[in-house]
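Chemist: Sending over a structure as structure tokens; questions will come in a sec.
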Amino acid sequence: AYYDLNSSRYSIDAYTYSTGNPYLLPQFTYNSELTYSYQNTLFVTLGYSLTRNNITSVLIPDEEQKIMLQTLVNLDRFDYFNLNISYSKKLTQWWTTNTSLLPYYGIYVGNINNYSINRGMPSFQFNSNNSFLLKGGLSMECSFMYLHRNYDGFGIMKSYYDFSPGIQKKLFHKQGAVTINIKDLFWTYSPKGTTNLGGVKETWNSKIDTRVIGVNFTYNFGSGQIHK
């Protein structure tokens, strides 16, 4: 994107600035996957990808001005091994689930400001989306996501999770519906981590406005049938 290349500085806090990198190169990913499915319910995918010139966000110390610069750089390569296990089924007449587990291992290799890295960390991500049919034209959905701590180039991202419920009421003989949903109910979708580059260690925490309540009304006109 344009701002990834724009060298203008933007203040993040009193000691940290963000800037683009006009010398940034595009990254290329070579991906391979092998998938097995069982009764169109259980899916297992074994994958490997190699990314050249991997674009990574880093914090680089500016010794003269005593500040940190957040920018994007190219690492030599990123090797990514993963095993994606997903399960999708209508468990009962009123409960349908779509759940997945993604264990993975990523290895970053590169050199920035005479500081080299060649390291990886096993991690995993868990997702579960569930829908429930209730009485009286009511239905409910709940989604849950958990991301375990993992490497992100020169830093370590800490674990965080997200829980988002929603409920729907059918109206007007099922032609209309009112939906209320809450994104990130417990306000826990907060990326945070620690960056260590050239002996300079910085711990950061971001609090994003992800907790949002949405109300939606829909109405379908017509019979929904096509006449020939």
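Chemist: Give me the net charge for the shell around S57: Cβ to Cβ below 12 angstrom, other residues only, Lys and Arg +1, Asp and Glu -1. Let's see the in-between values first.
Modeler: Values: positive: none; negative: D4, D152.
Value of the local net charge: -2.
Chemist: Round to a whole number: what % of the accessible area of the chain belongs to carbon and sulfur, probe 1.4 Å?
Modeler: Details: 8510 of 14930 Å².
C and S atoms contribute 57 percent here.
Chemist: Could you check the simple spin-label distance between N111 and Y2, using points 7 Å along Cα→Cβ, in nm with one decimal?
Modeler: Each label point is offset 7 Å from its Cα along the Cβ direction, giving 3.6 nm.
Chemist: For region 142-228, restrict the atom set to alpha-carbon positions and state the Rg and Dmax in Å.
Modeler: Using the Cα atoms of region 142-228, the pair Rg, Dmax is 21.2, 74 Å.
Chemist: Could you tell me the calculated FRET efficiency between T194 and L83, based on Cβ-Cβ distance and R0 = 35 angstrom, to the nearest 0.05? Before the final figure, lay out the partial values.
Modeler: Details: r = 27 Å, r/R0 = 0.77.
For R0 = 35 Å, the calculated efficiency reads 0.85.
Chemist: Okay, next question. Using unit Cβ charges (K, R positive; D, E negative) and no other charged atoms, how large, in debye to the nearest 20, is the dipole of region 1-160 about its Cα centre? Could you put the intermediate results ahead of the total?
Modeler: Working: 10 positive and 10 negative charges, 125 e Å.
It comes to approximately 600 debye.
Chemist: Can you give the log10 of the normalised intensity I(q)/I(0) at q = 0.16, 0.17 Å⁻¹, computed with Debye over equal Cα scatterers of region 104-188?
Modeler: So the normalised log intensities work out to -0.74, -0.78.
Chemist: Now for a different question. What does the charge count around N98 come to, taking other residues whose C-beta lies under 15 Å from its C-beta (Lys +1, Arg +1, Asp -1, Glu -1)?
Modeler: Details: positive: K89, K90; negative: E141.
With Lys, Arg at +1 and Asp, Glu at -1, the neighbours total +1.
Chemist: Moving on to the next point. Just one of (1) 19.9; (2) 21.3; (3) 19.1 is Kirkwood radius over Cα pairs in Å as worked out from the coordinates here. Which one is it?
Modeler: Here Kirkwood radius over Cα pairs in Å agrees with entry (2).
Chemist: Using a cut-off of 14 Å between beta-carbons, work out the net charge of the residues near Q39 (Lys and Arg +1, Asp and Glu -1, Q39 not included).
Modeler: On the way: positive: K89, K90; negative: none.
Taking every other residue near Q39 into account, the sum is +2.
Chemist: Could I ask something else about it? State the answer as a single residue: which of T35, S49, Y146 lies farthest towards the positive end of the charge dipole of region 13-155, with beta carbon charges of +1 for Lys and Arg and -1 for Asp and Glu, about the Cα centre.
Modeler: The Cα lying farthest towards the positive end belongs to T35.
Chemist: Additional query: Tell me, what is the per residue accessible area of the chain in Å², probe radius 1.4 Å? Could you put the intermediate results ahead of the total?
Modeler: On the way: 14930 Å² over 228 residues.
For the chain, the solvent-accessible area averages 65 Å² per residue.
Chemist: Leaving out same-chain residues fewer than 8 places away, which aspartates and glutamates sit with a Cα under 16 Å from that of K89?
Modeler: Partners within reach: E141.
The values are calculated or read from the model by the stated rules, or taken from the named source; none is laboratory data. Given the structure is predicted, the values throughout are model-derived calculations rather than measurements. FYI the Cβ positions are ideal-geometry reconstructions off the backbone, even for glycines, and counts take in every protein chain you see. Keep in mind that these areas ignore ligands, DNA and RNA; they rest on the heavy atoms of the full protein, side chains included. Shrake-Rupley method; radii C 1.70, N 1.55, O 1.52, S 1.80 Å.
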